[in-house]
1. Counting just the residues of the range 1-54 that are under 17 Å from Gly105 (Cβ atoms) and among the acidic types (Asp, Glu), which one comes out farthest from ligand 1 (Cβ to nearest atom)?
2. What about Ala53, is it under 13 Å from the mean Cα position of the chain (by Cα), at negative phi and at pLDDT 95 or above?
3. Cβ contacts < 6 Å: first residue farther than 16 Å from His97 by Cα, restricted to the range 28-56; second residue within 11 Å of ligand 1 (Cβ to nearest atom) and of a type outside the set (S, T, N, Q), any location; separation 6+ or different chain. Result?
4. Confirm whether Lys45 is in contact with a strand residue (DSSP E or B) (Cβ under 7 Å, 6 or more places away or on another chain) and surrounded by fewer than 16 Cβ atoms within 10 Å (Cβ to Cβ).
5. Give just the number: which of (1) within 18 Å of Asp22 (Cα to Cα); (2) loosely packed, with under 10 Cβ neighbours inside 10 Å does Ser109 not satisfy?
6. Test Ala27 against the criterion of being loosely packed, with under 15 Cβ neighbours inside 10 Å and of a type in the set (A, V, I, L, M), and give yes or no.
7. Which pairs do you get when a residue that is over 16 Å from Phe28 (Cα atoms), found in the range 70-81, comes within reach of a residue that is among the β-branched types (Val, Ile, Thr) and surrounded by 12 or more Cβ atoms within 10 Å (Cβ to Cβ), reach meaning Cβ atoms under 8 angstrom, with the pair 6+ apart or on two chains?
8. Going by the structure shown, is Arg106 touching a residue at least 40 places away in the same chain (Cβ under 8 Å) and among the charged types (D, E, K, R)?
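The values are calculated or read from the model by the stated rules, or taken from the named source; none is laboratory data. Remember, it's a predicted structure, so these values are computed and weren't measured experimentally. Heads up, the Cβs are rebuilt from the backbone with ideal geometry, glycines too, and the neighbour counts pull from every protein chain shown.
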Amino acid sequence: MTDCLFCKIIAGKIPSKKVYEDEKALAFEDINPQAPTHVLIIPRKHIAGIDQATDAEAELVGYCQLVAAKIARERKLGHGFRTVYNVGPDAGQTVFHLHLHLLGGRKMSWPPG
Ligand code: AMP
Ligand code: ZN
């Protein structure tokens, strides 16, 4: 999608600090990190958000979680990490290309703010 920030990152038109990529997904450092590890995992395919994903995309959605777990292992986040989808205005979603937040490296409170 031409007018999508994360599609532009995938296309290399906007720079990012990549931490993982393969034919299905890309992971890069969040520009405004909320924890020592704050990585975004996105599918290469444009999906507006988890609320827009279809059954045909179930494998891709699950795959993003596995990429997050792989990065968490690499970063030795066994003590605790969180994967988050923000959906809609109340949750603070600002980018409408599916992205999974991987947060770790500090103690996190519950419930989240
Ligand atoms: P959300 O609020 O869930 O839609 O998350 C969007 C995330 O994208 C925020 O955590 C932003 O800090 C992050 N973000 C926005 N622009 C960029 C960028 N150019 N590179 C990396 N992360 C970005
Ligand atoms: Zn996109």
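1. Checking each candidate, the answer is Glu29.
2. The answer is no for Ala53.
3. That search, which allows pairs on different chains as well, returns Ala35/Leu103; His38/Asp30; His38/Leu103.
4. Details: in contact with a strand residue (DSSP E or B) (Cβ under 7 Å, 6 or more places away or on another chain): no; surrounded by fewer than 16 Cβ atoms within 10 Å (Cβ to Cβ): yes.
When the stated conditions are applied, Lys45 does not pass them.
5. (1)
6. no
7. Leu77/Thr37; Phe81/Thr37
8. yes
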